[in-house]
Amino acid sequence: MFFLPREEKNRRKSFKFTPKSSPHPAALFPPEINSALLALDYTTLNLLRQNHPAWRLLCAQHAPLVAGFLHRVFIVPNVRILSQADLVEALEDELFALRQQQGADQFPGTAQSYLNDWADNEKGWLRKFYPDGTDEPHFDLTAATEKALAWLESLTERAFVGTESRLLTLFELLRQMSMGSQADPEVRIAELQKRRDDIDAEIARIQAGEISLLDDTALKDRFQQFLQLARELLTDFREVEHNFRKLDRRVRERIALWEGAKGALLEEIMGERDAIADSDQGKSFRAFWDFLMSQSRQEELSLLLEEVLALPPIVSMRPDTRLRRVHYDWLEAGEHTQRTVARLSEQLRRFLDDKAWLENRRIMDILHEVETHALDLRDDLPSGGFMHLDSSTAVIELPLERTLYRPPFKPLIAGIALDEGDAEIDTAVLYAQVVVDRAELLRNIRQELQMRSQITIGEVILHHPLRNGLAELVAYLQLAGDWPKTAVDEGEQEEVRWESSTGISRLATLPCIILLRN
């Protein structure tokens, strides 16, 4: 029985619980976590129980067999992929041992039937696929199955629950987030100087002979935390690979059913690819991969693992020998994810190659069809035009050649009342229009040049007098300007005379314009 001090009793008596003023538990978490917490209602959990592969595995009739066998062959040796022959042989040994213990009627099925049932889409505990270059099926754990196995592992009783290493990890994460988001250089410099002072003080204590060592409990606590994080990291790799594999499957389906243009499909697919790569999960995976691919980091990890696994408290925990190469397991898991991304790129390349081949074949078919029709029409040409050809030259229109905009003219119509009466205006002038027949004038010039090699405008008018006055003379001058061979003698002048309709004589003096015959 424990007794509380009097001050503690008085403090607890003075404390009053007020439900209305206390915050909701979800208010202690950010909005992303709040949505996850509030989503665990009856309807959501019921749907998860019916549809999620991990929950179906825990509720299955032979859940101990499935979980125990998959954990033994995949998780313990950290094997990513197993062939069907190896997996069937291992399951046959497992079933034989269980039938000896539980009875022959406990598991009546064969190992092959069990594996096919576990890889069925309704269950989704295993992924059955054919790797490139082989016709034998292979099996791999799904992300949901690994989550279920990780939860079952957490149910086992641990020797002790270490809290110090987790608290230190939390403090270190908070410190990294605080300093990593600090934009003030003075604050960051002050923090670095503080850490430098702490390091200098620790160096001085070590030089003075004061060396502080972690005790056995602290070493076991941190090693247990390391095991948990290393195991969770491998689990996360399988989930990342699962996400990329889903994208690869969607790409294959869209390519198989796509009937539109290539550009639209590529834009849609690359948009999803960039969305995954630029997401928090994609950025974190890329940063992890770049960090682990460093040769110096790999050597440092190997050296640290050798030193830690050689410590007596860690040896007493009997760790798995595979921990010495856990970083290589991380590399292998990351490589599987990179291969999935490579397959996605290969699918896009094949799609482009197939589309280009089909387009080239379509062009060749069109050319062959044109040649066939041309040979059919060679001996029996149709009358008239039977094929329309576009212009062989391009029409070039420069933007600066366009006329500027002019606002339309809006006439102002005044409303004036018209008076009825007789107008004293001669309307005959409206019908007295002069029309010059240029074709007749051209015939006159050609007629005169039939008997002569050259002739002047004045001589043409002398033989064919002007009937329409100055308008007809101007028409002759225009025809002379358009004539192919024309000569003008500025030193000699000609006089052209005609009479107007009112009987007045007119005289025009112009240079001698000579028209030559072609």
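Values in this text are rule-based calculations from the coordinates and carry no lab data. Quantities reported herein were computed from a predicted structural model and do not represent experimental measurements. All Cβ positions, even for glycine, are placed from backbone atoms using ideal geometry, and neighbour counts span all protein chains on display.
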Order of Tyr405, Tyr130, Tyr476 under a 10 Å beta carbon neighbour criterion, fewest first: Tyr405, Tyr130, Tyr476
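When Lys123, Lys410, Lys485, Lys220 are ordered from fewest to most other Cβ atoms inside 10 Å of their Cβ, what list results?
Values: Lys123 17, Lys410 6, Lys485 10, Lys220 20.
The order, fewest Cβ neighbours first, is Lys410, Lys485, Lys123, Lys220.
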At R0 = 51 Å, FRET efficiency that the Cβ-Cβ distance of Gln478 and Asp380 yields, to 0.05: 0.50
Extension reserve of the Ser505-Gln454 stretch, reckoned as 0.36 nm per residue once the Cα distance is removed: 15.5 nm
Taking Cys59, Cys512 and counting other C-beta atoms within 10 Å, the order from fewest to most: Cys59, Cys512
Cα gyration tensor, segment 52-152 - rounded (a/c under 1.5), prolate or oblate: oblate
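Note down the net charge around Leu449, summing +1 for each Lys or Arg and -1 for each Asp or Glu among other residues with Cβ under 14 Å from its Cβ. Working shown, then result.
On the way: positive: Arg443, Arg446, Arg452, Lys485, Arg517; negative: Glu448, Glu459.
Taking every Cβ under 14 Å from that of Leu449, the sum is +3.
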Principal axis box of segment 436-516, alpha-carbon based, largest edge first, Å: 37, 30, 21
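Could you calculate the FRET efficiency of Arg406 with Asn121 from 1/(1 + (r/R0)^6), where r is the beta carbon distance between them and R0 is 51 Å, rounded to 0.05? Intermediate results must be reported in sequence, preceding the final value.
On the way: r = 72 Å, r/R0 = 1.40.
For R0 = 51 Å, the calculated efficiency reads 0.10.
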Dipole of segment 436-516, positive end: most advanced residue of Gln447, Pro511, Trp483 [Cβ charges, Cα centre]: Gln447
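Working out 0.36 nm times the residue gap between Thr372 and Ser316, then minus their Cα-Cα distance, what length gain in nm do you get to one decimal? Could you put the intermediate results ahead of the total?
Values: separation 56, 0.36 × 56 = 20.16 nm, distance 8.75 nm.
Between Thr372 and Ser316, full extension yields 11.4 nm more.
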